[in-house]
1. Could you work out, residue by residue across B:139-148, how many beta carbons of other chains sit within 10 Å of that residue's beta carbon, and then give the average as an integer?
2. By average Cβ neighbour count within 10 Å, what is the ranking of A:169-179, A:120-130, B:264-274 from highest down?
3. For the protein assembly as shown, just the Cα set please: Rg and Dmax, both in angstrom.
4. Taking Cα pairs under 8 Å and at least six residues apart, what relative contact order does region B:37-188 come out at, in percent?
5. Where Rh is the Kirkwood radius over the Cα pairs of region B:85-162, the temperature 20 °C and the viscosity 1.002 mPa s, what D in µm²/s does Stokes-Einstein return?
6. Alpha carbon centre of region B:225-274 versus region A:173-189: separation in Å?
7. Tell me the angle of helix A:2-18 to the major Cα principal axis of chain A, expressed in degrees between 0 and 90 and rounded to the nearest ten.
8. Please compute the modelled spin-label separation between residue B:98 and residue A:150, points set 7 Å along Cα→Cβ, answer in nm with one decimal.
């Protein structure tokens, strides 16, 4: 029975790869390393950011959930607050060519200006490499990595899954809670949640 | 007279078809909410059904109470006149969507959401209005949130309500897509237990002979129970079937019960045409 199950599992895993099902990263484990170029051609390698907190934020400005957090200024405020505190905040777009929310570097830069995006850098990932590596499912989807390179949070930006800006002040912001705790040397109350949003357009 | 009716009918059809095409261009109108009532009047004390018919344009879908990996659940909120109480919305079983490798649950094409309204106070004969606000997220390659305010105005009459037979049949067809409440209408039993990275459902029949199922799909009510994209492996066991479900990475260790809807490719019972079965069972650990 055990052998049969192992074969079954192996088949599922093989099928998963061919269907490019998303990997899942584990909170508490080292975050997968990557090296990417931002919209200005500058390179960002995760392992080079050891010693700093890193936030990965998946976005798509055409998604109503992302718009909720950007139109209200909620996302930009978080980006500003934490980049000023030394956090590296990377906004990542994994929309595939031809799909909603896919931008050229120039367009992305224009949107960054227009919306007052205050992250450290904007990364375009049209092949979906980083997205698949981290298992980014929705926009938004947030991942927080600590100075040791360990993934300490993954999931939703806050606890009210809606497209309505009026829910922002009512919600518990998981990113804020995680970074305050971690930066204060405390353990996180919530380290993993189900992210909400539009599907990432791989 | 008949010619006139036909002409008006055709014109109406043409108009609605034209509107449907036009609606495609305007993403916000990709979803339409239409009120449907089976009764023509309300008799004090007699409960009745009100329906919200949702029409999704080609390629668009809205979401179930658990939307899955992405999306947003559809909500219906009622505003009732005094003396009336609304029961819960009845959700027909959903279907699975693959959104670029992500698995979501919802409705496409057409679906109807029914609510039972109970008149409590005996009111004088008058017209009363019921309002429902539907909120949804409609997705195709893009997602557009939407809402609609729908109203029903009906007279209260102290007489047997005239029931529109066509609408009644329409409602009965919708009810076939509701999950069979647990313990009623079928002898099938479900037991759930954890086995390592899996949640296993034993689906057993007390009868020796039972219809063979080609497909069983479990739709969990909670968003953090299962890996929605994981394969749901079905195995034949003595007296029934076993469904192996992959736990979500967010699965909580102290989960005590499993709630959801088990959908079969055919009806569960010869006597009951429904294909969906409500599951609300304790979760045990296999020794």
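No value in this document is a laboratory result; all are computed from the given coordinates. What you see is a predicted model, and the numbers here were worked out from it, not measured in a lab. Cβ: placed from backbone, ideal geometry, glycine included. Neighbour counts: every protein chain shown.
1. 5
2. Taking the mean over residues of other Cβ atoms within 10 Å, the ranking is A:120-130, A:169-179, B:264-274.
3. In Å, with Rg to one decimal and Dmax whole: 25.5, 84.
4. The normalised contact order for region B:37-188 reaches 33 percent.
5. D = 135 µm²/s.
6. 36 Å
7. Helix A:2-18 sits at roughly 40 degrees to that axis.
8. 3.8 nm
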